[in-house]
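Just so you know, all these numbers are worked out from the coordinates, no wet-lab data involved. Just so it is clear, the structure is predicted and the values come from calculations on it, not from any experiment. No Cβ is skipped: glycine too gets one built from the backbone with ideal geometry, and neighbour counts run over all protein chains shown.
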Amino acid sequence: MMGRRGALIILEGVDRAGKTTQCKKLVQALQKNGRPAEMMRFPDRTTMIGQMISSYLEKKTNLEDHTVHLLFSANRWELAPLIKKKLQQGVTLVVDRYAFSGVAFTSAKPGFCLEWCRNPDVGLPKPDLVLFLQLSPAEAAKRGQFGVERYETSDFQQTVQHRFNQLMKDPSLNWQVMDATKGMEDLHQEILRQSEAAIAEAESQPIKELWK
Ligand code: 2DT
């Protein structure tokens, strides 16, 4: 008999909402509850494609906008076999950003629509849960300055937020909006509760395909 599969859980959100911290805390808590769990992040800067993306984000190189969008997508596709393998082995994956960041960031640039941006990611492993860590621009500003990487400006981030809002209207996905102004521990408990529910639900279901 096939074992129970793991769940694909994505954390998305604006800059400084605490995604990375919450991903780490979630993996630790799941493991403590006896659930095999691992963290991944996109972009994964360790692959060859990831290195091209990293150099672009650090503004060391310039890439044409469509080209970099396709590289971000390719970076997910190159890891899709591993994602499926882990899920099938019963490992729950907690992922810091996924295709939603891909669409939200590129479509925030002039001349890009959501549909074009979504296309290259159609068919990727479909998340069982997408947690969106919501933070107002004012609250984000209190948490310190933007970094120096590409996209880290308040105007661009606001447009990105609008794009995320559009993506969240998609009823084919299990979006859950989390209030990231809450204390770190309260937010963690809420994320853990949502994740445990998604894991229980995913166990008996096949892995589906995103946006298909
Ligand atoms: P961090 O490594 O700090 O999360 O920043 N991005 C990300 C895209 O433009 N497209 C994508 O597909 C993904 C996954 C968001 C990475 C930056 O890259 C942006 C912020």
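Apply the Karplus curve 6.51 cos²θ - 1.76 cosθ + 1.60, θ = phi - 60°, to the phi angles in the range 30-45 and return the couplings in whole Hz, x for Gly and Pro.
5, 4, 5, 7, x, 9, x, 8, 9, 9, 9, 9, 10, x, 8, 7
Using a Debye calculation, one point per C-alpha and no hydration shell, please list log10 I(q)/I(0) for the range 1-138 at q = 0.19 Å⁻¹ in order.
Ignoring solvent entirely, the Cα scatterers give -1.19.
Whole-Hz ³J(HN,Hα) for each residue in the range 197-208, computed from phi via Karplus 6.51 cos²θ - 1.76 cosθ + 1.60 with θ = phi - 60°, x for glycine and proline: what do you get?
For the range 197-208, the Karplus curve yields 5, 5, 5, 4, 6, 6, 2, 9, 10, x, 6, 9 Hz.
Between THR153 and VAL177, take the C-beta separation as r, use R0 = 30 Å, and let me know the FRET efficiency to the nearest 0.05.
0.80
Exactly which GluC sites (Glu not before Pro) in the range 45-147 are in a DSSP loop and have at most 11 other Cβ atoms within 10 Å?
GLU64
Please compute the modelled spin-label separation between LYS142 and TRP211, points set 7 Å along Cα→Cβ, answer in nm with one decimal.
3.5 nm
Determine the gain in length on full extension of the stretch ARG193-THR67; use 0.36 nm per residue of separation and subtract their C-alpha separation, reporting nm with one decimal.
41.5 nm
Could you sort out which of LYS142/LYS212; LYS182/LYS212; LYS24/LYS126 sit more than 32 Å apart by Cα distance in this structure?
LYS142/LYS212; LYS182/LYS212, as the Cα separations exceed 32 Å there.
When ranked by the protection proxy of mean other Cβ atoms within 10 Å per residue, highest first, what sequence do the peptides 32-41, 191-200 form?
Highest to lowest by the protection proxy: 191-200, 32-41.
Taking the Cα centre as origin and putting +1 on Lys and Arg beta-carbons and -1 on Asp and Glu beta-carbons, what dipole magnitude results for the range 152-212, to the nearest 20 debye?
Result for the range 152-212 is approximately 300 debye, rounded to the nearest 20.
What is the set of long-range amide H partners of LYS126 at a cut-off below 5 Å, with H atoms built 1.01 Å from backbone N?
Residues meeting the amide H criterion: LYS208, GLU209, LEU210.
Can you list residues whose amide H is under 5 Å from TRP175's amide H, if they're 5+ apart or on another chain and H is modeled 1.01 Å from N?
VAL130
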